[in-house]
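What follows draws every value from the coordinates through simple rules; no lab data is involved. Please read these numbers as outputs of a predicted model, since none were measured by experiment. Because the Cβ atoms are built from the backbone with ideal geometry, glycine has one as well, and the counts that use them run over all protein chains shown.
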Amino acid sequence: MEYKGKAHKVGEHIDTDAIIPARFLVTSDAATLGEKCMSGLDPEWVKRVRPGDILVAGRNFGCGSSREHAPIAILGAGMPVVIGHSFARIFYRNAFNMGLLLMEVGDEVDKIRDGDELEIDAATGRIHDLTNGAEIVCPPLPKSMAAILARGGLVGYVKERLGDGR
Amino acid sequence: MPQTLAQKILQAHTDDTVERDGQIVQCRVSLVLANDITGPLAIKSFRGMGAKRVFDKDKIALVMDHFTPQKDIDSANQVLISRAFAQEQNITHYYEGGDCGVEHTLLPEQGLVGPGDLVIGADSHTCTYGGIGAFATGMGSTDIAAAMALGETWLKVPPTIRVNFTGVMPRWLRAKDLILLLIGTIGVDGALYKALEFGGPVIDALPVEGRLTMANMAIEAGGKVGLFAVDAQTRAYCAEHGHDPNHPGLIRDLAADAGAAYERVLDIDVTGQEPVVACPHLPSNVRPVSEVRDTPVQQVVIGSCTNGRISDMRDAAEVLRGRKVDKKVRCIVLPSTPTVWKQCLKEGLMEVFMDAGCIVGPCTCGPCLGGHTGILGDGERAVTTTNRNFKGRMGSLSSEVYLAGPLVAAASAVAGRIASPDAL
C-alpha cells in the first residue's frame, strides 16, 4: 500500500482528549468524529486537513483514555497513516484494530517538517519526504499487527477466525 | 526462572510458556469490561465479527457510569444499545441505575475481580485492579469485542519496573501522593508498554483502597499494569467485601519471586515528604503543595475511580468537619458506588459534607472527563481527586485542572485556593 500526502505535525504527549474530547463520544460515526479531530488541541486544526494527508506526531502520541473514537476520528478526518516518535500502548492496539497504520520511527520523526509532502510505501516501511529529500525507514511491523492490518482491522481478523459461525 | 508478578499471573492464564519479556502470549480472560461510552462500539464490532454469543455471560461486565444518570438524549440512546445487548445475551453483570457505580470501584467491591485474575476492559483505568493483585489492563472496544466473542486475547509480556516505597509515611501523605511522586519522577511515558510492580515497607502497610488508587494511575505513566502482591491487606479487603475465600488467587500469597529480573528498580523514600499536586496540563507536572499554594480555585471535585472510596470520603470529611467551603468555590462530592454512598450516610459523613456547603451528587464519572455534573468554564481552575489534567479535560480549553488527594482537595475547597490540610 502506498500513500502520498501533506504532513500535519503535532507535539509530544498528545492525549486522546486532544484528539477527540469526551463530550463528542456520544456517537461512533467516523465522519462526525472526524469533523472534531484534534479539536481538544485546536478546533480549527482539522480544517487544514485534506483526504490522504498524514499525521506526524512526537513522543507518546495517543496517551490517556482507551477510546477507540481517537483512531476513528483520525481516519474520519481522512488521514490513513500516523508517523510518530512513539505511541501510547492502548492507542497502538486500537489504531491497528481500526485499520489505521502507525509508523514508529523514534527521533527520525524530526526530519519531517510541518507541511512537507510525504510519500510512504507501507510494504517496505519507507517514508520519503519529497520536500526536503529525507528518507526514513520504519522497522517492520510485528507479525500479529501485520496480520490484523491485512484484514482491514481486528473485526475482519476475528470474523475469519469465527468462520464456524459461532 | 524467577518470575515477576506480571509474568507469574500471565503464566496462570496461558498455555504458552512465559519465557521472556516482549513475548506475545494468548491468554484466557477472567472478566471483560465495557462502559456506556465504549460498550456500543464493542457491540458494533462484535456484530461485525459475525459473533452470535458471548463466550460466557457471567464473565462480562457492562457498567453504565460515564454519562449517567443519562445527561442528554445521545448518551441515553447509547445506553439503550448496551441495555438491549445485555438483555439479548443474558449478561449477568449489567449495571445501570441504583446498583451502578464507577466501574473500577464497583467491580472489586462487588467481588467480580479478585487476586490473580486477568481482566481486560474498554477503559484505560482498568489497571486499577492491580491493587488487589489482578493483571488488568485497558484496551479499545474492538479488542474487547474480540475477547467477548473468544474469551481470550493476545498480550505482550511486559518488562517490569519495580518501585519500592520506603521510609516513614508522614501524617498528611496518602496513596495519591505516592503515585503522583512516581509519575513526576518517571514521566507520562516512563512506563510505556511496561508493568509497574510496587513494594517496600510503605506499600506493605498500605490498605487495598490506597493500592487501588495507585494502580489506577499506572496508565498515567504509560504503564500496562500496576501490580501489588497479594498479602494480608488483600485478604482483609477481600474478606470485607465478601469475595469467595476459595478464589484461586487467595489460596496462597501471590508475589514476585526473589531474583526476578527487573528492567529498572526505583526506591522512593517518603520520609518528610509533603503532599503534592499535579499541575496543568500533564499528570507528571508534580509539585509540592507549598510551591503552588494560594493559587485561587473555583471548583473542587472529590470522587472518581481514583479517589471515590470510603477511605477517601473519610479523609475529605476529616478536613471538612466543622469548616465551610469558601463562597467562591463549588465543592462537588461524588462517592463512587452506592455502597460507599450508604456507608458515608451511616458514618455521618454526608452531614459533614452538607454542613460544609458541598454539593453531594450521584455515583458517576461525570466531571472527571468533562462529561457533566461539574464542568469548568473559560479560565476556571479546579483541584480534583481524579486522574487526568490534560488541557480541556474537565471543560473549557482555557480551564485548568490540578490533581490531588482528598485531603488537599478538601483543604483547597475550604481555603478557596490550593492548600495543604495542615495549613488550615
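Other chains near B:385-397: what is the mean number of their Cβ atoms within 10 Å of each residue's Cβ?
Average per residue, whole number: 4.
Once you sort the root eigenvalues of the Cα gyration tensor of the protein assembly as shown as a ≥ b ≥ c, which label holds: rounded (a/c under 1.5), prolate (a/b larger than b/c) or oblate (the other case)?
The shape class here is rounded.
For each of B:Ile9, B:Ile268, count neighbouring Cβ atoms within 10 Å of the residue's Cβ, then give the residues from fewest to most. Don't skip to the end; give the middle numbers.
On the way: B:Ile9 27, B:Ile268 16.
Fewest-to-most Cβ neighbours within 10 Å comes out as B:Ile268, B:Ile9.
As a test of the formula, what do you get for chain B when each DSSP H run with n ≥ 4 contributes -39,500 (n - 2.57) and the sum is divided by the residue count, at 222 nm and rounded to the nearest 500 deg cm²/dmol?
Details: 16 runs with 136 residues, N = 424.
Computed ellipticity for chain B at 222 nm equals -9000 deg cm²/dmol.
Quick check: from the Cα gyration tensor, does chain B come out rounded (a/c under 1.5), prolate or oblate? Let's see the in-between values first.
Values: a/c = 1.70, a/b = 1.22, b/c = 1.39.
Oblate shape, in that a/c is at least 1.5 and b/c is the bigger or equal ratio.
If amide H atoms are built 1.01 Å from N in the plane of the peptide, which residues on other chains or at least 5 residues away come under 5 Å of the amide H of B:Ala61?
Result for B:Ala61 returns B:Val32, B:Leu33, B:Ala34.
Give the average, rounded to an integer, of partner chain Cβ atoms located within 10 angstrom of each Cβ in A:34-40. Could you put the intermediate results ahead of the total?
On the way: counts 0, 0, 0, 0, 0, 2, 6.
Whole-number average of other-chain Cβ neighbours for A:34-40 is 1.
Kirkwood hydrodynamic radius, computed over distinct alpha-carbon pairs, for region A:101-166: how many Å, to one decimal?
On the way: mean 1/r = 0.0725 Å⁻¹.
Taking the inverse mean of 1/r over all distinct Cα pairs, region A:101-166 comes out at 13.8 Å.
In peptide B:281-287, how many Cβ atoms from other protein chains are near each Cβ within 10 Å, on average? Before the final figure, lay out each step's value.
Working: counts 4, 4, 4, 1, 0, 0, 0.
Counting other chains' Cβ atoms within 10 Å and averaging over B:281-287 gives 2.
Below 10 angstrom from the Cβ of B:Ile161, what's the summed charge of the other residues (Lys, Arg +1; Asp, Glu -1)? Present the calculation step by step, with values, prior to reporting the outcome.
Numbers: positive: B:Arg162, B:Lys194, B:Arg264; negative: B:Glu197, B:Glu263.
Around B:Ile161, the surrounding residues sum to +1.
Pull up all non-local amide H partners of A:Leu101: gap of 5 or more, or a different chain, and H-to-H distance under 5 Å with H placed in the peptide plane.
Under 5 Å from the amide H of A:Leu101: A:Val82.
Please report the spacing between the Cα centers of region B:178-192 and region A:87-118 in Å, no decimals.
Spelled out, the Cα-based centre of one part sits 23 Å from the other.
Step through the residues of region B:393-406 one at a time and calculate ³J(HN,Hα) from phi using the Karplus curve (6.51 cos²θ - 1.76 cosθ + 1.60, θ = phi - 60°), rounding each to whole Hz and writing x for Gly and Pro.
4, 9, x, 3, 5, 9, 8, 10, 10, 10, 8, 7, x, x
Based on DSSP H runs of at least 4 residues, each adding -39500 (n - 2.57), what is the mean residue ellipticity at 222 nm of chain A after dividing by all its residues, to the nearest 500 deg cm²/dmol? Please list the in-between numbers first.
Details: 6 runs with 44 residues, N = 166.
Rounded to the nearest 500, the figure is -7000 deg cm²/dmol.
Separation of region B:299-324 and region B:357-402 by C-alpha centroid, Å?
A separation of 15 Å, based on Cα centres.
For the peptides B:254-260, B:276-282, B:73-79, what is the packing order when you average, over each peptide's residues, the other Cβ atoms within 10 Å and list the highest mean first?
Put in order of decreasing packing, that is B:276-282, B:73-79, B:254-260.
Under 25 Å Cα to Cα from B:Lys328, which lysines show up? Leave out anything in the same chain fewer than 8 places away.
B:Lys328 reaches B:Lys391.
First check a/c for region A:2-161, with a ≥ b ≥ c the square roots of the eigenvalues of its C-alpha gyration tensor; if it is under 1.5, answer rounded, and if not, answer prolate when a/b is larger than b/c or oblate otherwise. Let's see the in-between values first.
Numbers: a/c = 1.59, a/b = 1.10, b/c = 1.45.
Oblate is the answer for region A:2-161, as a/c is 1.5 or above yet b/c matches or exceeds a/b.
For region B:233-383, treating each Cα as an identical point scatterer without solvent, what Debye log10 I(q)/I(0) comes out at q = 0.10, 0.16, 0.17, 0.20 1/Å?
Treating every Cα as an identical point scatterer, log10 I(q)/I(0) equals -0.52, -1.08, -1.14, -1.30.
Sorted from fewest to most neighbouring beta carbons within 10 Å, what does the list B:Ile302, B:Ile161 look like? Please list the in-between numbers first.
Values: B:Ile302 31, B:Ile161 23.
Ranked by crowding around the Cβ, least crowded first: B:Ile161, B:Ile302.
Hey, can you grab everything whose amide H is under 5 Å from the amide H of B:Lys71? Only 5+ residues off in sequence or another chain; H modelled, so Pro and N-termini drop out.
B:Ala76
Rounded to whole Hz and in sequence order, give me ³J(HN,Hα) for region B:158-170 from the Karplus expression 6.51 cos²θ - 1.76 cosθ + 1.60, θ = phi - 60°, writing x for Gly and Pro.
x, x, 10, 9, 8, 10, 9, 9, 10, x, 9, 6, x
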